[in-house]
Amino acid sequence: MTQETGGFAAFNLNPNILAAVIATGYEEPSAIQQQSIPIIMAGHDMIGQAQTGTGKTAAFALPILHRIDPAKREPQALILAPTRELALQVATAFETYAKQMPGVTVVAVYGGAPMGPQLKAIRNGAQIVVATPGRLCDHLRRDEKVLATVNHLVLDEADEMLKLGFMDDLEVIFKALPATRQTVLFSATLPQSIRAIAERHLRDPQHVKIQTKTQTVTAIEQAHLLVHADQKTSAVLSLLEVEDFDALIMFVRTKQATLDLASALEAKGYKAAALNGDIAQNQRERVIDSLKDGRLDIVVATDVAARGLDVPRITHVFNVDMPYDPESYVHRIGRTGRAGREGRALLLVTPRERRMLQVIERVTGQKVAEVRLPDAQAVLDARIKKLTNSLAPLVADAESTHGDLLDRLTADIGCSPRALAAALLRKATNGQALTLAAIERERPLVPNSAPRERSSERTGDRPDRGDRERRAPVPLAEGRARCRTALGARDGIAAKNLLGAILNEGGLAREAIGRIQVRDSFSLVELPEDGLEKLLAKLKDTRVAGKQLKLRRYRED
Ligand code: AMP
(Lines give C-alpha, C1' and ligand atoms only; values in the text may rest on other atoms or scores of the structure.)
Protein backbone atom coordinates (compact mmCIF):
# COMPACT_ATOMS: atom_id res chain seq x y z
CA MET A 1 0.00 0.00 0.00
CA THR A 2 1.44 3.40 -0.85
CA GLN A 3 1.79 6.13 1.66
CA GLU A 4 -1.07 8.08 0.06
CA THR A 5 -3.69 5.38 0.36
CA GLY A 6 -3.06 5.80 4.08
CA GLY A 7 -5.49 8.70 3.66
CA PHE A 8 -8.36 6.28 3.11
CA ALA A 9 -6.88 3.62 5.39
CA ALA A 10 -7.10 6.02 8.32
CA PHE A 11 -10.92 5.85 8.25
CA ASN A 12 -10.88 2.18 9.27
CA LEU A 13 -13.43 1.29 6.65
CA ASN A 14 -14.32 -2.34 6.09
CA PRO A 15 -11.19 -3.76 4.34
CA ASN A 16 -13.25 -4.87 1.34
CA ILE A 17 -14.41 -1.29 0.79
CA LEU A 18 -10.88 0.06 1.23
CA ALA A 19 -9.61 -2.49 -1.30
CA ALA A 20 -12.25 -1.37 -3.83
CA VAL A 21 -11.34 2.29 -3.28
CA ILE A 22 -7.68 1.51 -3.85
CA ALA A 23 -8.60 -0.41 -6.99
CA THR A 24 -10.36 2.68 -8.41
CA GLY A 25 -7.03 4.52 -8.16
CA TYR A 26 -8.11 7.25 -5.72
CA GLU A 27 -5.03 8.38 -3.88
CA GLU A 28 -6.44 10.40 -1.04
CA PRO A 29 -9.83 11.53 0.21
CA SER A 30 -11.17 14.82 -1.09
CA ALA A 31 -11.98 17.53 1.44
CA ILE A 32 -15.67 16.63 1.66
CA GLN A 33 -14.77 12.95 2.07
CA GLN A 34 -12.21 13.72 4.76
CA GLN A 35 -14.84 15.47 6.84
CA SER A 36 -17.99 13.48 6.09
CA ILE A 37 -16.82 9.88 6.23
CA PRO A 38 -16.05 9.77 9.99
CA ILE A 39 -19.33 11.53 10.83
CA ILE A 40 -21.48 9.18 8.75
CA MET A 41 -19.52 6.13 9.91
CA ALA A 42 -20.25 7.14 13.49
CA GLY A 43 -23.98 7.11 12.71
CA HIS A 44 -24.66 10.83 13.00
CA ASP A 45 -27.12 12.76 10.90
CA MET A 46 -25.32 15.21 8.67
CA ILE A 47 -25.82 18.16 6.35
CA GLY A 48 -23.12 18.41 3.70
CA GLN A 49 -22.80 21.45 1.52
CA ALA A 50 -21.09 20.28 -1.66
CA GLN A 51 -21.72 20.07 -5.36
CA THR A 52 -20.89 17.61 -8.08
CA GLY A 53 -17.19 17.26 -8.63
CA THR A 54 -16.20 17.42 -4.96
CA GLY A 55 -16.32 13.65 -4.52
CA LYS A 56 -19.58 13.84 -2.57
CA THR A 57 -20.90 10.50 -3.82
CA ALA A 58 -18.04 8.54 -2.25
CA ALA A 59 -18.34 10.80 0.82
CA PHE A 60 -21.65 9.11 1.65
CA ALA A 61 -21.38 5.82 -0.28
CA LEU A 62 -18.27 4.55 1.52
CA PRO A 63 -19.50 5.03 5.10
CA ILE A 64 -23.00 3.80 4.22
CA LEU A 65 -21.56 0.61 2.74
CA HIS A 66 -19.48 0.26 5.88
CA ARG A 67 -22.60 0.45 8.04
CA ILE A 68 -24.83 -1.99 6.23
CA ASP A 69 -24.98 -5.69 7.05
CA PRO A 70 -24.32 -7.70 3.85
CA ALA A 71 -25.77 -10.81 5.48
CA LYS A 72 -29.21 -9.21 5.75
CA ARG A 73 -31.03 -9.46 2.43
CA GLU A 74 -33.30 -6.43 2.79
CA PRO A 75 -33.16 -2.71 1.91
CA GLN A 76 -30.95 -0.96 4.45
CA ALA A 77 -29.95 2.26 2.75
CA LEU A 78 -32.01 4.54 0.56
CA ILE A 79 -30.40 7.22 -1.58
CA LEU A 80 -32.72 9.76 -3.16
CA ALA A 81 -31.54 11.63 -6.23
CA PRO A 82 -33.37 14.26 -8.32
CA THR A 83 -32.94 12.70 -11.76
CA ARG A 84 -32.68 9.31 -13.33
CA GLU A 85 -29.20 10.16 -14.61
CA LEU A 86 -27.91 10.98 -11.15
CA ALA A 87 -29.64 7.93 -9.67
CA LEU A 88 -27.87 5.72 -12.21
CA GLN A 89 -24.55 7.40 -11.54
CA VAL A 90 -24.88 6.98 -7.79
CA ALA A 91 -25.95 3.35 -8.20
CA THR A 92 -22.90 2.70 -10.40
CA ALA A 93 -20.65 4.35 -7.80
CA PHE A 94 -22.09 2.10 -5.07
CA GLU A 95 -21.54 -0.95 -7.27
CA THR A 96 -17.92 0.07 -7.80
CA TYR A 97 -17.22 0.55 -4.10
CA ALA A 98 -19.10 -2.67 -3.20
CA LYS A 99 -17.31 -4.76 -5.81
CA GLN A 100 -15.45 -6.73 -3.17
CA MET A 101 -18.39 -7.11 -0.78
CA PRO A 102 -20.01 -10.38 -1.75
CA GLY A 103 -23.77 -10.42 -1.36
CA VAL A 104 -24.25 -6.66 -1.55
CA THR A 105 -26.59 -5.58 -4.32
CA VAL A 106 -27.75 -2.20 -5.50
CA VAL A 107 -30.99 -1.36 -7.29
CA ALA A 108 -31.76 1.85 -9.16
CA VAL A 109 -35.43 2.87 -9.08
CA TYR A 110 -36.56 5.56 -11.51
CA GLY A 111 -39.40 6.47 -13.81
CA GLY A 112 -39.63 5.46 -17.44
CA ALA A 113 -38.67 1.82 -16.77
CA PRO A 114 -41.09 -0.97 -15.80
CA MET A 115 -41.91 -1.11 -12.09
CA GLY A 116 -42.05 -4.91 -11.76
CA PRO A 117 -38.32 -5.69 -12.05
CA GLN A 118 -37.48 -2.81 -9.71
CA LEU A 119 -39.82 -4.10 -7.02
CA LYS A 120 -38.54 -7.62 -7.54
CA ALA A 121 -34.93 -6.48 -7.05
CA ILE A 122 -35.91 -4.75 -3.81
CA ARG A 123 -37.78 -7.81 -2.58
CA ASN A 124 -34.90 -10.07 -3.62
CA GLY A 125 -32.78 -8.39 -1.00
CA ALA A 126 -30.96 -5.41 -2.55
CA GLN A 127 -29.45 -3.63 0.45
CA ILE A 128 -28.94 -0.32 -1.36
CA VAL A 129 -31.84 1.38 -3.11
CA VAL A 130 -31.05 4.46 -5.20
CA ALA A 131 -34.25 6.15 -6.31
CA THR A 132 -35.89 9.21 -7.73
CA PRO A 133 -38.64 10.38 -5.37
CA GLY A 134 -41.52 10.20 -7.84
CA ARG A 135 -41.04 6.58 -8.81
CA LEU A 136 -40.31 5.54 -5.24
CA CYS A 137 -43.69 6.96 -4.20
CA ASP A 138 -45.34 4.86 -6.91
CA HIS A 139 -43.78 1.80 -5.30
CA LEU A 140 -44.90 2.92 -1.86
CA ARG A 141 -48.47 3.17 -3.12
CA ARG A 142 -48.26 -0.47 -4.13
CA ASP A 143 -46.44 -1.64 -1.03
CA GLU A 144 -46.21 0.76 1.88
CA LYS A 145 -43.89 -1.56 3.80
CA VAL A 146 -41.24 -1.65 1.10
CA LEU A 147 -38.94 0.77 2.99
CA ALA A 148 -39.66 -0.49 6.50
CA THR A 149 -36.15 -1.89 7.00
CA VAL A 150 -34.22 1.15 5.76
CA ASN A 151 -32.05 2.67 8.46
CA HIS A 152 -29.87 5.03 6.39
CA LEU A 153 -31.31 7.74 4.19
CA VAL A 154 -29.30 10.04 1.95
CA LEU A 155 -30.86 13.00 0.14
CA ASP A 156 -28.46 13.77 -2.69
CA GLU A 157 -28.71 17.20 -4.37
CA ALA A 158 -31.59 18.07 -2.07
CA ASP A 159 -31.90 21.58 -3.53
CA GLU A 160 -32.35 20.12 -7.02
CA MET A 161 -35.05 17.76 -5.72
CA LEU A 162 -37.00 20.66 -4.33
CA LYS A 163 -36.55 22.67 -7.53
CA LEU A 164 -38.05 19.75 -9.44
CA GLY A 165 -41.10 19.82 -7.15
CA PHE A 166 -40.44 16.67 -5.14
CA MET A 167 -41.31 18.23 -1.77
CA ASP A 168 -44.58 16.31 -1.33
CA ASP A 169 -43.03 13.05 -2.45
CA LEU A 170 -40.22 13.53 0.07
CA GLU A 171 -42.74 13.91 2.87
CA VAL A 172 -44.45 10.66 1.84
CA ILE A 173 -41.07 8.91 1.82
CA PHE A 174 -40.02 10.27 5.22
CA LYS A 175 -43.23 8.85 6.68
CA ALA A 176 -42.55 5.41 5.22
CA LEU A 177 -39.12 5.15 6.87
CA PRO A 178 -38.34 4.13 10.44
CA ALA A 179 -37.97 7.21 12.66
CA THR A 180 -34.75 5.79 14.11
CA ARG A 181 -32.92 5.95 10.80
CA GLN A 182 -29.77 7.95 10.10
CA THR A 183 -30.36 10.83 7.68
CA VAL A 184 -27.71 12.56 5.59
CA LEU A 185 -28.50 15.51 3.36
CA PHE A 186 -26.26 16.82 0.61
CA SER A 187 -27.03 20.05 -1.15
CA ALA A 188 -25.01 22.61 -3.10
CA THR A 189 -27.03 25.43 -1.54
CA LEU A 190 -28.96 25.67 1.73
CA PRO A 191 -32.04 27.79 1.07
CA GLN A 192 -34.72 28.13 3.75
CA SER A 193 -36.73 25.24 2.30
CA ILE A 194 -33.80 22.87 2.82
CA ARG A 195 -33.15 24.13 6.33
CA ALA A 196 -36.82 23.51 7.13
CA ILE A 197 -36.55 19.90 5.95
CA ALA A 198 -33.41 19.44 8.02
CA GLU A 199 -35.12 20.84 11.08
CA ARG A 200 -38.10 18.52 10.75
CA HIS A 201 -36.41 15.33 9.63
CA LEU A 202 -32.80 15.31 10.82
CA ARG A 203 -31.74 14.72 14.40
CA ASP A 204 -29.00 16.91 15.73
CA PRO A 205 -27.21 17.02 12.39
CA GLN A 206 -23.53 17.89 12.07
CA HIS A 207 -22.68 20.42 9.38
CA VAL A 208 -19.94 19.91 6.86
CA LYS A 209 -19.00 22.68 4.52
CA ILE A 210 -15.87 23.07 2.54
CA GLN A 211 -14.51 26.47 3.43
CA THR A 212 -13.96 28.58 0.38
CA LYS A 213 -11.68 31.50 1.09
CA THR A 214 -11.24 34.07 -1.64
CA GLN A 215 -7.97 33.46 -3.41
CA THR A 216 -6.05 35.56 -5.84
CA VAL A 217 -4.42 34.30 -8.95
CA THR A 218 -3.39 37.36 -10.86
CA ALA A 219 -0.44 36.44 -13.04
CA ILE A 220 -2.25 33.51 -14.55
CA GLU A 221 -4.45 33.66 -17.60
CA GLN A 222 -7.29 31.19 -17.14
CA ALA A 223 -9.62 29.55 -19.60
CA HIS A 224 -11.98 26.59 -19.72
CA LEU A 225 -13.15 24.24 -22.41
CA LEU A 226 -16.43 22.31 -22.30
CA VAL A 227 -15.84 18.72 -23.23
CA HIS A 228 -17.20 15.24 -22.62
CA ALA A 229 -15.17 12.94 -20.46
CA ASP A 230 -14.45 10.59 -23.34
CA GLN A 231 -13.19 13.42 -25.54
CA LYS A 232 -10.60 14.69 -23.09
CA THR A 233 -7.53 13.05 -24.64
CA SER A 234 -8.28 14.25 -28.15
CA ALA A 235 -9.12 17.72 -26.78
CA VAL A 236 -5.78 17.84 -24.96
CA LEU A 237 -3.93 16.83 -28.13
CA SER A 238 -5.69 19.55 -30.15
CA LEU A 239 -4.98 22.20 -27.53
CA LEU A 240 -1.30 21.29 -27.40
CA GLU A 241 -1.04 22.02 -31.12
CA VAL A 242 -1.84 25.69 -30.63
CA GLU A 243 -0.62 26.44 -27.11
CA ASP A 244 2.81 27.96 -27.05
CA PHE A 245 4.24 26.21 -23.99
CA ASP A 246 7.62 25.59 -22.52
CA ALA A 247 6.85 23.02 -19.84
CA LEU A 248 3.40 21.89 -18.89
CA ILE A 249 1.78 20.02 -16.04
CA MET A 250 -1.51 18.20 -16.48
CA PHE A 251 -3.65 17.21 -13.51
CA VAL A 252 -5.88 14.15 -13.48
CA ARG A 253 -7.66 12.33 -10.69
CA THR A 254 -6.40 8.78 -10.78
CA LYS A 255 -3.13 6.94 -11.16
CA GLN A 256 -4.47 5.09 -14.16
CA ALA A 257 -5.36 8.38 -15.84
CA THR A 258 -1.79 9.64 -15.38
CA LEU A 259 -0.49 6.53 -17.17
CA ASP A 260 -3.10 6.59 -19.95
CA LEU A 261 -2.69 10.25 -20.78
CA ALA A 262 1.11 10.23 -20.55
CA SER A 263 1.29 7.33 -22.99
CA ALA A 264 -1.17 9.00 -25.40
CA LEU A 265 1.09 12.08 -25.36
CA GLU A 266 4.23 10.04 -25.86
CA ALA A 267 2.62 8.29 -28.81
CA LYS A 268 2.19 11.73 -30.41
CA GLY A 269 5.85 12.51 -29.91
CA TYR A 270 5.66 14.67 -26.79
CA LYS A 271 8.28 14.22 -24.12
CA ALA A 272 5.82 13.27 -21.38
CA ALA A 273 5.78 11.20 -18.20
CA ALA A 274 3.34 10.19 -15.47
CA LEU A 275 3.71 11.18 -11.84
CA ASN A 276 1.55 9.36 -9.30
CA GLY A 277 1.63 8.00 -5.79
CA ASP A 278 2.62 4.51 -6.93
CA ILE A 279 5.87 5.76 -8.39
CA ALA A 280 8.79 5.42 -5.99
CA GLN A 281 10.10 8.64 -4.49
CA ASN A 282 13.51 8.52 -6.24
CA GLN A 283 11.82 7.92 -9.58
CA ARG A 284 9.48 10.86 -8.94
CA GLU A 285 12.48 13.04 -8.29
CA ARG A 286 14.00 11.91 -11.57
CA VAL A 287 10.82 12.90 -13.40
CA ILE A 288 10.84 16.35 -11.83
CA ASP A 289 14.53 16.84 -12.60
CA SER A 290 13.86 15.89 -16.22
CA LEU A 291 11.06 18.44 -16.38
CA LYS A 292 13.41 21.06 -14.96
CA ASP A 293 16.19 20.48 -17.45
CA GLY A 294 14.04 19.92 -20.53
CA ARG A 295 14.40 16.18 -21.01
CA LEU A 296 10.66 16.16 -20.35
CA ASP A 297 8.15 18.84 -21.36
CA ILE A 298 4.92 17.44 -19.95
CA VAL A 299 4.16 15.75 -16.65
CA VAL A 300 0.76 14.19 -16.04
CA ALA A 301 0.19 14.10 -12.30
CA THR A 302 -2.28 13.50 -9.51
CA ASP A 303 -2.56 16.19 -6.84
CA VAL A 304 -0.76 14.02 -4.31
CA ALA A 305 2.21 13.27 -6.51
CA ALA A 306 2.59 16.90 -7.59
CA ARG A 307 2.83 18.16 -4.03
CA GLY A 308 5.74 20.52 -3.60
CA LEU A 309 6.55 20.48 -7.28
CA ASP A 310 8.22 23.77 -8.17
CA VAL A 311 9.58 24.03 -11.69
CA PRO A 312 10.05 27.58 -13.02
CA ARG A 313 9.90 26.35 -16.63
CA ILE A 314 6.21 25.52 -16.29
CA THR A 315 4.25 27.92 -18.48
CA HIS A 316 0.98 25.97 -18.59
CA VAL A 317 -1.26 23.98 -16.31
CA PHE A 318 -3.99 21.81 -17.82
CA ASN A 319 -6.67 20.71 -15.38
CA VAL A 320 -7.73 17.70 -17.39
CA ASP A 321 -9.86 16.46 -14.49
CA MET A 322 -11.67 18.96 -12.30
CA PRO A 323 -10.10 19.57 -8.88
CA TYR A 324 -12.29 18.76 -5.85
CA ASP A 325 -12.45 22.28 -4.53
CA PRO A 326 -11.44 25.81 -5.44
CA GLU A 327 -8.44 25.77 -3.10
CA SER A 328 -7.01 22.83 -4.89
CA TYR A 329 -7.66 24.59 -8.22
CA VAL A 330 -5.76 27.65 -7.04
CA HIS A 331 -3.00 25.43 -5.73
CA ARG A 332 -2.72 23.56 -9.01
CA ILE A 333 -2.60 26.59 -11.24
CA GLY A 334 -0.08 28.20 -8.92
CA ARG A 335 2.43 25.76 -10.46
CA THR A 336 2.72 28.18 -13.31
CA GLY A 337 3.31 31.91 -13.26
CA ARG A 338 6.28 31.31 -10.95
CA ALA A 339 8.82 34.03 -10.27
CA GLY A 340 6.62 36.76 -11.70
CA ARG A 341 6.31 35.10 -15.10
CA GLU A 342 3.06 34.82 -16.89
CA GLY A 343 1.30 31.51 -16.84
CA ARG A 344 -1.70 30.00 -18.49
CA ALA A 345 -4.20 27.59 -16.97
CA LEU A 346 -6.76 25.57 -18.88
CA LEU A 347 -9.61 23.72 -17.25
CA LEU A 348 -11.57 20.96 -18.97
CA VAL A 349 -15.18 20.99 -17.77
CA THR A 350 -17.70 18.23 -18.43
CA PRO A 351 -21.34 19.30 -18.63
CA ARG A 352 -22.13 18.13 -15.10
CA GLU A 353 -19.21 20.06 -13.66
CA ARG A 354 -20.31 23.50 -14.80
CA ARG A 355 -21.48 24.34 -11.31
CA MET A 356 -18.02 23.66 -9.94
CA LEU A 357 -16.66 26.09 -12.52
CA GLN A 358 -19.00 28.77 -11.17
CA VAL A 359 -17.78 28.11 -7.64
CA ILE A 360 -14.18 28.45 -8.80
CA GLU A 361 -15.02 31.73 -10.50
CA ARG A 362 -16.70 33.01 -7.37
CA VAL A 363 -13.89 32.04 -5.05
CA THR A 364 -11.12 33.38 -7.25
CA GLY A 365 -13.18 36.45 -8.14
CA GLN A 366 -12.24 35.95 -11.77
CA LYS A 367 -14.06 34.89 -14.87
CA VAL A 368 -12.58 31.80 -16.44
CA ALA A 369 -13.19 32.51 -20.13
CA GLU A 370 -14.52 29.82 -22.40
CA VAL A 371 -12.30 28.67 -25.27
CA ARG A 372 -13.12 26.42 -28.18
CA LEU A 373 -11.07 23.64 -29.63
CA PRO A 374 -8.81 25.01 -32.36
CA ASP A 375 -10.12 24.50 -35.88
CA ALA A 376 -8.05 23.10 -38.73
CA GLN A 377 -6.92 26.58 -39.80
CA ALA A 378 -5.59 27.37 -36.32
CA VAL A 379 -3.74 24.05 -36.23
CA LEU A 380 -2.23 24.74 -39.65
CA ASP A 381 -1.14 28.24 -38.63
CA ALA A 382 0.44 26.88 -35.45
CA ARG A 383 2.31 24.14 -37.31
CA ILE A 384 3.64 26.59 -39.90
CA LYS A 385 4.69 28.98 -37.17
CA LYS A 386 6.65 26.20 -35.45
CA LEU A 387 8.27 25.27 -38.73
CA THR A 388 9.16 28.89 -39.42
CA ASN A 389 10.66 29.25 -35.96
CA SER A 390 12.74 26.13 -36.34
CA LEU A 391 14.02 26.99 -39.84
CA ALA A 392 14.57 30.75 -39.48
CA PRO A 393 17.77 30.48 -37.41
CA LEU A 394 19.24 27.99 -39.90
CA VAL A 395 18.95 30.29 -42.91
CA ALA A 396 21.50 32.89 -41.83
CA ASP A 397 24.73 31.15 -42.88
CA ALA A 398 23.32 28.19 -44.82
CA GLU A 399 23.98 29.77 -48.17
CA SER A 400 27.68 30.18 -47.46
CA THR A 401 28.06 26.60 -46.21
CA HIS A 402 25.65 24.76 -48.52
CA GLY A 403 24.97 27.19 -51.39
CA ASP A 404 27.47 25.60 -53.75
CA LEU A 405 26.14 22.14 -52.98
CA LEU A 406 22.64 23.38 -53.81
CA ASP A 407 23.83 24.68 -57.19
CA ARG A 408 25.46 21.40 -57.97
CA LEU A 409 22.48 19.29 -56.88
CA THR A 410 19.97 21.33 -58.87
CA ALA A 411 22.22 21.03 -61.91
CA ASP A 412 22.72 17.27 -61.42
CA ILE A 413 19.05 16.57 -60.80
CA GLY A 414 17.96 19.08 -63.38
CA CYS A 415 15.41 20.81 -61.15
CA SER A 416 14.78 24.32 -59.87
CA PRO A 417 16.02 25.41 -56.40
CA ARG A 418 12.32 25.71 -55.45
CA ALA A 419 11.70 22.06 -56.35
CA LEU A 420 14.71 20.94 -54.36
CA ALA A 421 13.81 23.09 -51.34
CA ALA A 422 10.28 21.63 -51.45
CA ALA A 423 11.66 18.08 -51.51
CA LEU A 424 13.92 18.84 -48.55
CA LEU A 425 10.95 20.31 -46.65
CA ARG A 426 8.90 17.21 -47.31
CA LYS A 427 11.71 15.11 -45.91
CA ALA A 428 12.26 17.36 -42.91
CA THR A 429 8.59 17.47 -41.95
CA ASN A 430 8.36 13.73 -42.12
CA GLY A 431 4.83 13.33 -43.44
CA GLN A 432 3.29 15.91 -41.08
CA ALA A 433 0.01 17.31 -42.41
CA LEU A 434 0.69 20.89 -43.53
CA THR A 435 -2.34 21.76 -45.65
CA LEU A 436 -5.87 22.43 -44.49
CA ALA A 437 -7.26 19.41 -46.29
CA ALA A 438 -4.60 17.11 -44.85
CA ILE A 439 -5.20 18.38 -41.32
CA GLU A 440 -8.95 17.90 -41.66
CA ARG A 441 -8.38 14.35 -42.79
CA GLU A 442 -6.12 13.50 -39.87
CA ARG A 443 -8.11 15.23 -37.11
CA PRO A 444 -9.68 12.73 -34.78
CA LEU A 445 -13.41 12.78 -35.35
CA VAL A 446 -15.03 13.88 -32.15
CA PRO A 447 -16.68 10.80 -30.76
CA ASN A 448 -20.36 10.96 -29.94
CA SER A 449 -21.21 10.19 -26.34
CA ALA A 450 -19.21 7.07 -25.53
CA PRO A 451 -18.85 5.70 -22.94
CA ARG A 452 -22.52 5.24 -23.47
CA GLU A 453 -24.84 5.36 -20.54
CA ARG A 454 -27.82 3.18 -20.16
CA SER A 455 -30.07 6.15 -20.91
CA SER A 456 -28.53 6.85 -24.30
CA GLU A 457 -28.72 3.21 -25.23
CA ARG A 458 -32.43 3.43 -24.80
CA THR A 459 -32.66 6.42 -27.08
CA GLY A 460 -30.95 4.47 -29.82
CA ASP A 461 -27.93 6.75 -29.74
CA ARG A 462 -24.99 5.36 -31.67
CA PRO A 463 -21.46 6.65 -32.15
CA ASP A 464 -21.17 8.12 -35.60
CA ARG A 465 -18.38 8.81 -38.00
CA GLY A 466 -18.47 12.54 -38.56
CA ASP A 467 -20.43 14.99 -40.63
CA ARG A 468 -18.87 14.54 -44.01
CA GLU A 469 -19.92 10.95 -44.37
CA ARG A 470 -23.23 10.38 -46.08
CA ARG A 471 -25.40 7.79 -44.52
CA ALA A 472 -28.66 6.23 -45.49
CA PRO A 473 -31.56 8.22 -44.04
CA VAL A 474 -33.02 6.56 -40.97
CA PRO A 475 -36.75 6.01 -41.42
CA LEU A 476 -38.93 7.91 -38.96
CA ALA A 477 -41.31 6.00 -36.73
CA GLU A 478 -45.06 6.68 -37.08
CA GLY A 479 -46.15 9.84 -35.31
CA ARG A 480 -42.62 11.17 -34.89
CA ALA A 481 -41.09 14.34 -36.31
CA ARG A 482 -37.40 14.96 -36.74
CA CYS A 483 -36.02 18.18 -35.22
CA ARG A 484 -32.64 19.79 -35.60
CA THR A 485 -30.42 21.96 -33.43
CA ALA A 486 -27.21 23.64 -34.50
CA LEU A 487 -25.52 22.32 -31.35
CA GLY A 488 -23.34 19.27 -31.88
CA ALA A 489 -20.39 17.36 -30.51
CA ARG A 490 -18.04 20.26 -31.14
CA ASP A 491 -20.15 22.28 -28.69
CA GLY A 492 -19.54 19.60 -26.09
CA ILE A 493 -22.97 18.09 -26.58
CA ALA A 494 -23.81 14.40 -26.09
CA ALA A 495 -27.15 12.68 -26.59
CA LYS A 496 -27.74 12.47 -22.86
CA ASN A 497 -27.51 16.27 -22.52
CA LEU A 498 -30.14 16.79 -25.18
CA LEU A 499 -32.30 14.10 -23.65
CA GLY A 500 -31.96 15.61 -20.17
CA ALA A 501 -32.78 19.12 -21.36
CA ILE A 502 -35.81 18.06 -23.39
CA LEU A 503 -37.14 15.85 -20.60
CA ASN A 504 -36.65 18.45 -17.90
CA GLU A 505 -37.90 21.48 -19.79
CA GLY A 506 -40.37 19.86 -22.16
CA GLY A 507 -42.08 17.75 -19.52
CA LEU A 508 -42.17 14.71 -21.80
CA ALA A 509 -42.16 11.06 -20.82
CA ARG A 510 -38.90 9.41 -21.77
CA GLU A 511 -40.67 7.05 -24.18
CA ALA A 512 -41.88 10.05 -26.16
CA ILE A 513 -38.37 10.86 -27.32
CA GLY A 514 -37.01 8.77 -30.15
CA ARG A 515 -33.59 8.47 -31.65
CA ILE A 516 -31.04 11.20 -30.90
CA GLN A 517 -28.16 11.63 -33.32
CA VAL A 518 -25.30 13.93 -32.39
CA ARG A 519 -23.07 15.03 -35.26
CA ASP A 520 -20.09 17.31 -35.03
CA SER A 521 -21.90 20.53 -35.92
CA PHE A 522 -25.58 19.70 -35.38
CA SER A 523 -27.89 17.14 -33.80
CA LEU A 524 -31.19 15.50 -34.72
CA VAL A 525 -33.85 14.49 -32.24
CA GLU A 526 -37.07 12.57 -32.89
CA LEU A 527 -40.04 14.04 -31.06
CA PRO A 528 -43.79 13.35 -31.07
CA GLU A 529 -45.56 14.94 -34.05
CA ASP A 530 -48.56 15.48 -31.85
CA GLY A 531 -48.19 18.81 -30.02
CA LEU A 532 -44.80 19.49 -31.61
CA GLU A 533 -45.30 23.23 -32.13
CA LYS A 534 -46.29 23.67 -28.50
CA LEU A 535 -43.31 21.64 -27.33
CA LEU A 536 -40.88 23.67 -29.47
CA ALA A 537 -42.37 26.86 -28.05
CA LYS A 538 -41.83 25.48 -24.54
CA LEU A 539 -38.21 24.71 -25.35
CA LYS A 540 -37.67 28.14 -26.87
CA ASP A 541 -35.31 29.40 -24.17
CA THR A 542 -33.73 26.11 -23.25
CA ARG A 543 -29.96 26.12 -23.02
CA VAL A 544 -27.67 23.12 -23.25
CA ALA A 545 -23.96 23.32 -22.47
CA GLY A 546 -24.49 27.03 -21.97
CA LYS A 547 -25.87 27.58 -25.45
CA GLN A 548 -29.34 28.10 -26.83
CA LEU A 549 -30.85 24.86 -28.05
CA LYS A 550 -33.01 26.45 -30.78
CA LEU A 551 -34.70 23.23 -31.82
CA ARG A 552 -36.53 23.40 -35.18
CA ARG A 553 -38.52 20.96 -37.27
CA TYR A 554 -36.18 19.37 -39.81
CA ARG A 555 -37.19 18.24 -43.26
CA GLU A 556 -34.77 16.09 -45.19
CA ASP A 557 -35.99 17.10 -48.65
P1 AMP B 1 -18.81 13.41 -7.42
O2 AMP B 1 -18.54 14.76 -6.85
O3 AMP B 1 -19.24 12.44 -6.37
O4 AMP B 1 -19.73 13.46 -8.61
O5 AMP B 1 -17.39 12.80 -7.92
C6 AMP B 1 -16.70 13.36 -8.98
C7 AMP B 1 -15.65 12.41 -9.56
O8 AMP B 1 -14.53 12.28 -8.68
C9 AMP B 1 -16.12 10.99 -9.81
O10 AMP B 1 -15.69 10.65 -11.11
C11 AMP B 1 -15.39 10.15 -8.78
O12 AMP B 1 -15.09 8.86 -9.29
C13 AMP B 1 -14.12 10.94 -8.55
N14 AMP B 1 -13.61 10.82 -7.17
C15 AMP B 1 -14.31 10.86 -6.02
N16 AMP B 1 -13.49 10.77 -4.95
C17 AMP B 1 -12.24 10.69 -5.43
C18 AMP B 1 -10.93 10.61 -4.82
N19 AMP B 1 -10.78 10.58 -3.50
N20 AMP B 1 -9.85 10.55 -5.63
C21 AMP B 1 -10.00 10.59 -6.99
N22 AMP B 1 -11.18 10.68 -7.62
C23 AMP B 1 -12.30 10.74 -6.87
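The values are calculated or read from the model by the stated rules, or taken from the named source; none is laboratory data. Remember, it's a predicted structure, so these values are computed and weren't measured experimentally. Cβ atoms come from the backbone with ideal geometry, glycine included; neighbour counts cover every protein chain shown. Note: accessible area is taken over every heavy atom of the protein model, side chains too, but ligands, DNA and RNA are not part of it. Shrake-Rupley method; radii C 1.70, N 1.55, O 1.52, S 1.80 Å.
Overview of values
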{"quantity": "Greater than 30 Å apart at Cα, pairs in 268/427; 120/538; 99/271; 292/427; 99/268; 386/550", "calculated": "120/538; 99/271; 292/427; 99/268; 386/550"}
{"quantity": "Estimated distance in nm for a label pair at residue 413 and residue 392, the labels positioned 7 Å out from Cα along Cα-to-Cβ", "calculated": "2.6"}
{"quantity": "Extreme residue, positive dipole direction of the chain, given options 128, 513, 250 (C-beta unit charges)", "calculated": "513"}
{"quantity": "Pairwise FRET efficiency - residue 113 versus residue 246, Cβ, R0 = 56 Å, nearest 0.05", "calculated": "0.60"}
{"quantity": "Region 7-209 - accessible surface per residue (Å², probe 1.4 Å)", "calculated": "38"}
{"quantity": "Gain upon complete extension [residue 440, residue 424; 0.36 nm per residue less C-alpha separation]", "calculated": "3.4 nm"}
{"quantity": "Point-charge dipole on Cβ atoms (K/R +1, D/E -1) for the chain, about Cα centre, debye to 20", "calculated": "940"}
{"quantity": "Positive-end residue of 41, 539, 522, charge dipole of the chain with Cβ unit charges", "calculated": "539"}
{"quantity": "Rounded FRET efficiency, nearest 0.05, which uses the C-beta distance separating residue 24 from residue 540 and R0 of 51 Å", "calculated": "0.75"}
{"quantity": "Residue-span extension gain [residue 533 to residue 175] - 0.36 nm each, minus C-alpha spacing", "calculated": "124.7 nm"}
{"quantity": "Pairwise centroid distance, computed over Cα atoms, of region 71-145 with region 309-336, Å", "calculated": "39"}
{"quantity": "Cα-projected label distance for residue 405 with residue 209, points at 7 Å along beta-carbon direction, nm", "calculated": "7.2"}
{"quantity": "FRET efficiency, residue 509 to residue 219 (Cβ-Cβ, R0 45 Å, nearest 0.05)", "calculated": "0.30"}
